[in-house]
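Report on one structure; see the data block that follows.
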């Protein structure tokens, strides 16, 4: 009997497999399938400032200005703009642009979006200067009036997407979808932009389907009819999906799988420097270092100790061994692509002998012990970098206890209001893509009760009042040469103070099918309008 | 009987309340949700405001009380990451998990029973030895490893089956099913095997042991003596009597299949409740975490309750004497 049973089982499986083979769909449409480790959390373009989500929004929403393949600001919904006076920006809007619901794009939509993006609950409030007033001149001209000159006022406009006023009013989406909203906004699940794609299906955390928008005003480089996004959070599964051809693009490719992807013949790893800079910070704020063998004082208040740490950490080895070459050592807290004079800065070479001397001079010939905080699921090989740092510091007698945790716990510990860390690793991309952000948020002095956000990410409390002065000057300086010189002065001070230990810019690692052609910008956004796929011959 | 039922239901409610309280006191150790809600350059003051409006500054017991009150009113809150009602997210994901659990259980039962019977009847054949070996591997390999191995064999190397997701689904009312499309059925195969592997080996070993036991009993000998065919003896007499404990185990295991689908769902990016939960843990999405834990507790409590009731129906000895109820 068992034989017959087994036989029928085998037959059943075979039938199932046959059915599965027959059902391979014939694809007339050019469909691009792609996967990312995270989700498109909300379709509301003012909900969450997160690179991948913003990049996805860019397929369906558009801004007044955008960044081209070289990150330069170019016109999008504004055909042109000028500054008749330093505090007045005039935008001439593009005519004949339609939202996906068919309604025309006009100045009212810009003014509405300027209000909505700065309303409570928006995570993009800083994208538009808080003091800017938007005035409608006519249906296709808008003025932005500032209280004081600001040369980078539109630096964050490319991710300030324009929404339709009538659509938002009709669907009760006038307010941005705040994380604390009692009821979810319509805009979370639906979009109505002017972009070259429409989203026809959005299952949060599962799947998003983009289709070509037939009424788009411009020419689109992409030849896609459809794009299907899936979240694949597991590294091994994501690699498998790329290798088996089920997805055409995925991000990120784990370092240990890059060779295998390149050897597969069907896909390659597309690498490039990212804008994010990974660096180490030291607590120079507390009078006594936490969790340290040194009592009653804080060794990091002595620049010699900070210099010794800097000189003992061999970044070249970290880039070569830990990052397997997928990192560019950095002398600055900003990526070279974002600051024209970055080439003038050199990373001081690793010098153990000098580091030991400095430690002795500072009164710690035998070193000391301290705790280092490190995330283990945030940046590429973050925990491994910290482990390397620990062993490198051991060479100058510093005993580091490593406290590596998931990002949710790590950031809860090290960020405001506690700043509970002595020594930490963080990665930072200036959202304005400008050096001022570094001088202001990372290197600015932290003051209690300061609402401006200065020093918001200065977790170690490094403070040099001269940098604050420079940052304020940089903010209002409209002459680029003078501005770059001021920035250099600021960065020189950080280096002279040994205020931070910059490590590297990690490399982007996209897994891309050989059938697909696309553009990788250092800001790590996947932009669908530049994606093309070879059509399969039918 | 009614008193017994009532007592059991009260116990079940107490279990749920305790699960909720324990879960809530542990969320504090999961990290800070606010960092996952806003972008990195969000000012400190804005973060503080969000934390306050979410009530995260209140003591755990106050937060729990508020949550319990909401739950009693049928409100499970809004997910921090997706900004949508948790009840809707869970309802959207539930069909995926239940279909997977169903297929995994069917797979475990069918294959497990078949292999078990075969091993019992042909104890010395090489195939039985192979089955035994496979079951050992199945019981000792961790689920994520089985999943990855299957993916690499059937998706990457052979290219037969999808490595992730549910394929195309068909919407029937609020239920989405993968049973009606070819890609949906294909997508079910690997995750079902992965999830059902442990149960399958369990059932196979159980069936084999029970079957060997039953085959030695007198009534089997008498059945043979009556001249019944081997087939009738094995299937109608032996197997039937073997199945009672198997069904009990399979029923009890259903709860764990649903609860432990977390790992399988993560490996195959199966859009079920388990995956939702794992992502919620990574992002400290407290409303999803608490609702999921309550749901799983409810499933376990319900299954145990049903099993308890069935036992008393089947076995009168278990019914408590009325006089000793207090």
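The values are calculated or read from the model by the stated rules, or taken from the named source; none is laboratory data. The shown structure was predicted, so the numbers you read here are calculated from the model rather than taken from an experiment. Heads up, the Cβs are rebuilt from the backbone with ideal geometry, glycines too, and the neighbour counts pull from every protein chain shown.
So the values come out like this:
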read-out	value
Helices (runs of 4 or more DSSP H) (entirely within the stretch A:162-264) containing at least 3 residues that are in contact with a strand residue (DSSP E or B) (Cβ under 9 Å, 6 or more places away or on another chain)	A:235-243, A:258-263
Filter pass, residue A:388 being in a helix (DSSP H, G or I), over 22 Å from the mean Cα position of the chain (by Cα) and over 21 Å from residue A:49 (Cβ atoms)	yes
Filter result for the condition that a residue is surrounded by 15 or more Cβ atoms within 10 Å (Cβ to Cβ), assigned to a helix (DSSP H, G or I), within 10 Å of chain A (Cβ to nearest Cβ) and within 16 Å of the chain's Cα centre (by Cα), over B:301, B:278	B:278
Count of residues meeting criterion [within 14 Å of another protein chain (Cβ to nearest Cβ) and on the phi > 0 side of the Ramachandran plot] in the stretch A:386-428	1
Residue satisfying condition, being within 28 Å of residue B:89 (Cβ to Cβ) and more than 14 Å from chain A (Cβ to nearest Cβ), within set B:227, B:255, B:272	B:255
Identity of the residue in the stretch A:104-130, surrounded by fewer than 16 Cβ atoms within 10 Å (Cβ to Cβ) and assigned to a loop (DSSP other than H, G, I, E, B), that ends up modelled with the highest pLDDT	A:119
Residue within the stretch B:182-193 that is part of a helix (DSSP H, G or I) and farther than 28 Å from residue B:273 by Cβ present	no
Subset tally (residues that are surrounded by fewer than 17 Cβ atoms within 10 Å (Cβ to Cβ), more than 7 Å from every other protein chain (Cβ to nearest Cβ) and at pLDDT below 80) for the stretch B:27-48	2
Options A:319, A:331; residue that is buried (at least 21 other Cβ atoms within 10 Å of the Cβ) and not assigned by TED's automatic domain parsing to the domain that holds residue A:524	A:319
Residue check for residue A:66: more than 17 Å from residue A:161 (Cβ to Cβ), assigned by TED's automatic domain parsing to the domain that holds residue A:45 and not in a helix (DSSP H, G or I)	no
Conditions (1) more than 14 Å from chain A (Cβ to nearest Cβ); (2) touching a residue at least 60 places away in the same chain (Cβ under 8 Å): number failed by residue B:140	(2)
Residues being under 24 Å from the mean Cα position of the chain (by Cα) and closer than 17 Å to residue A:284 by Cβ - total across the stretch A:391-414	1
Filter pass, residue A:396 being in a loop (DSSP other than H, G, I, E, B), under 30 Å from residue A:481 (Cβ atoms) and assigned by TED's automatic domain parsing to the domain that holds residue A:444	no
Of residues in the stretch A:26-63 being part of a strand (DSSP E or B) and under 16 Å from residue A:211 (Cα atoms), the one nearest to the other protein chains (Cβ to nearest Cβ)	A:33
Scope the stretch A:438-452; condition within 13 Å of residue B:43 (Cα to Cα) and within 19 Å of the chain's Cα centre (by Cα); matching residues	A:440, A:441, A:442
Filtered residues of the stretch A:131-161 (kept if within 14 Å of chain B (Cβ to nearest Cβ) and in a loop (DSSP other than H, G, I, E, B))	A:155, A:156, A:160
Residues (within 15 Å of residue B:306 (Cα to Cα) and surrounded by 14 or more Cβ atoms within 10 Å (Cβ to Cβ)) located in the stretch B:12-26	B:12
Out of A:268, A:277, sole residue that is part of a strand (DSSP E or B) and out of contact with any helix residue (DSSP H, G or I) (no Cβ under 7 Å at 6 or more places or on another chain)	A:277
Residues satisfying the stated conditions in the stretch B:104-129, i.e. farther than 19 Å from residue B:240 by Cβ, crowded, with 21+ Cβ neighbours inside 10 Å and within 12 Å of chain A (Cβ to nearest Cβ)	none
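Every residue, every condition in (1) in a loop (DSSP other than H, G, I, E, B); (2) at positive phi; (3) in contact with a helix residue (DSSP H, G or I) (Cβ under 9 Å, 6 or more places away or on another chain), yes or no:
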| residue | (1), (2), (3) |
| --- | --- |
| A:288 | yes, no, no |
| A:328 | no, no, yes |
| A:331 | yes, no, yes |
| A:340 | yes, no, yes |
| A:367 | yes, yes, yes |
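Listed here are the residues, each with its yes/no results for (1) touching a helix residue (DSSP H, G or I) at 6+ places or on another chain (Cβ under 9 Å); (2) within 23 Å of residue B:260 (Cα to Cα); (3) surrounded by fewer than 20 Cβ atoms within 10 Å (Cβ to Cβ).
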residue: B:133; (1), (2), (3): no, no, yes
residue: B:143; (1), (2), (3): yes, yes, yes
residue: B:152; (1), (2), (3): yes, yes, yes
residue: B:174; (1), (2), (3): yes, no, yes
residue: B:197; (1), (2), (3): yes, yes, no
